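Worksheet: one structure, shown below.
The values are calculated or read from the model by the stated rules, or taken from the named source; none is laboratory data. If you're wondering where the values come from, they're calculated on a predicted model, not measured in any experiment. Virtual Cβ from ideal backbone geometry, glycine too; neighbours counted across all protein chains shown.
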Amino acid sequence: MKFPYSEKVLEHFRHPHNVGKLENPDGKATEGSPACGDMVSVYIKVDSETKTIQDIKFESYGCASNIATSSIITDMAKGKTLDEAKLITWQQATEALGGLPPIKAHCSVLAVEGLRAAIQNYEEKHGLVSEKSPTTIEIVNNRLKKIMNPLTGLDVVKTNLIKKIEIDNGKVSIIVDLPSTHQFAASIKEEVKEKIGTLWDVKEIVVDFID
Ligand code: FES
C-alpha cells in the first residue's frame with residue numbers, strides 16, 4: 001500500500017522545526033480550524049526597524065499535516081519582512097512538502113492563518129494597520145469565531161456562547177452565556193479581551209456573564 005504522506009511531510013512531522021513558545025513575543029495568535037476544530041498558536045519576534053521576522057515558533061494542537069506545514073511555514077517566514085511573510089500561501093507550503101492528501105488542505109490553511117494572524121496582531125499593536133474602518137458587530141463577531149469553546153472544541157459563536165455584542169463609542173460589551181463561576185469563564189474572558197483589544201478604535205471591553 002502506498003503511504004499517503006511524502007518523505008518530507010514525515011520528516012517535518014517527526015522532527016518539526018521552530019516548535020515551542022517565545023517569551024514576550026512581539027506578535028502572537030491562536031487560530032482554530034472551522035473544518036476540524038484543531039488549533040495552532042504562532043509567536044513572532046520582529047525587528048522594529050526592518051520589520052523582519054527574527055524569530056518564530058509555533059505550538060500545534062492539530063494533526064501530522066498541520067505540524068509538518070507549521071514547521072515548513074515557520075522556516076519560510078524566518079528572516080522575511082512582514083509583507084513578504086504575509087504572501088506565503090498554503091499551496092506554496094504544500095508544494096515545499098512534496099504534496100499533502102487533498103483532504104488535508106485545511107490543515108495547511110490553518111498553519112498559514114496562524115502566521116498571518118500573528119503578523120496582524122503585531123501590526124495592530126504597533127498601529128501599522130492602514131485600513132482603519134470603524135469596528136462593527138460583524139468584525140467583533142468574526143474575531144470571536146477564533147475562540148474555541150473548550151467544552152465542545154467548536155468556536156464560541158457557533159456554539160451560541162455569545163449572547164450579546166454591543167458597541168458604543170469605543171466600548172465593546174459582550175455577554176457570555178455561562179455563569180461567572182464556570183471553570184472556563186476566566187479564560188474565555190481573557191481570550192475575548194485579547195482578540196478584540198487590538199482593534200484600533202476599541203478603548204474598553206466589558207465581558208459579562210449570565211449571573
Ligand atoms: Fe485538524 Fe489536520 S485535521 S489540523
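Being within 27 Å of V207 (Cα to Cα) and in contact with a Lys or Arg (Cβ under 7 Å, 6 or more places away or on another chain) is true for just one of N121, N142. Which residue is that?
Exactly one of N121, N142 is within 27 Å of V207 (Cα to Cα) and in contact with a Lys or Arg (Cβ under 7 Å, 6 or more places away or on another chain), namely N121.
Do you know which residues across segment 85-144 are among the aliphatic types (A, V, I, L, M) and within 16 Å of the ligand (Cβ to nearest atom)?
Those that are among the aliphatic types (A, V, I, L, M) and within 16 Å of the ligand (Cβ to nearest atom): A93, L97, L100, I103, A105, V109, L110, A111, V112, L115, A117.
Would you check if there is a residue in segment 200-210 being in contact with a His (Cβ under 8 Å, 6 or more places away or on another chain) and either modelled with pLDDT of 95 or more or farther than 20 Å from P34 by Cα (or both)?
Yes - at least one qualifying residue is present in segment 200-210.
Would you please name the residue that is nearest to the chain's Cα centre (by Cα), looking only at residues in segment 21-74 that are part of a strand (DSSP E or B), away from the ligand (no atom under 13 Å from the Cβ) and of a type in the set (A, V, I, L, M, F, W, C)?
Residue satisfying both the conditions and the ranking: A29.
Of all strands (runs of 3 or more DSSP E) completely enclosed by segment 122-211, which ones contain at least 3 residues that are not aliphatic (A, V, I, L, M)?
162-168
Got at least one residue in segment 46-56 being at positive phi and surrounded by 17 or more Cβ atoms within 10 Å (Cβ to Cβ)?
Yes: segment 46-56 contains one or more residues that are at positive phi and surrounded by 17 or more Cβ atoms within 10 Å (Cβ to Cβ).
Given the criteria within 11 Å of the ligand (Cβ to nearest atom) and touching a helix residue (DSSP H, G or I) at 6+ places or on another chain (Cβ under 7 Å), does N18 qualify? Show your work before the answer.
On the way: within 11 Å of the ligand (Cβ to nearest atom): no; touching a helix residue (DSSP H, G or I) at 6+ places or on another chain (Cβ under 7 Å): yes.
No, not satisfied.
Can you pull out the residues in segment 97-115 that are assigned to a helix (DSSP H, G or I) and more than 17 Å from S60 (Cβ to Cβ)? Steps first, answer last, please.
Taking segment 97-115 as the starting set, the residues that turn out to be assigned to a helix (DSSP H, G or I) are 102-115.
Within segment 97-115, P102, I103 meet the criteria.
Can you tell which of K195, K132, K158 is touching a Phe, Trp or Tyr at 6+ places or on another chain (Cβ under 8 Å), modelled with pLDDT under 95 and not acidic (D, E)?
K132
Could you count how many residues in segment 32-47 are in contact (Cβ under 8 Å) with a residue 40 or more places away in the chain and more than 17 Å from M76 (Cβ to Cβ)?
Going through segment 32-47 one residue at a time, the tally reaches 9.
Give segment 88-107 a look and list any residue that's closer than 14 Å to A77 by Cβ and not aliphatic (A, V, I, L, M), or say none. Talk me through it step by step, then tell me what you get.
As a first pass, look at segment 88-107 and keep what is closer than 14 Å to A77 by Cβ: 88-90, 92-93, 96.
Across segment 88-107, the qualifying residues are T89, W90, Q92.
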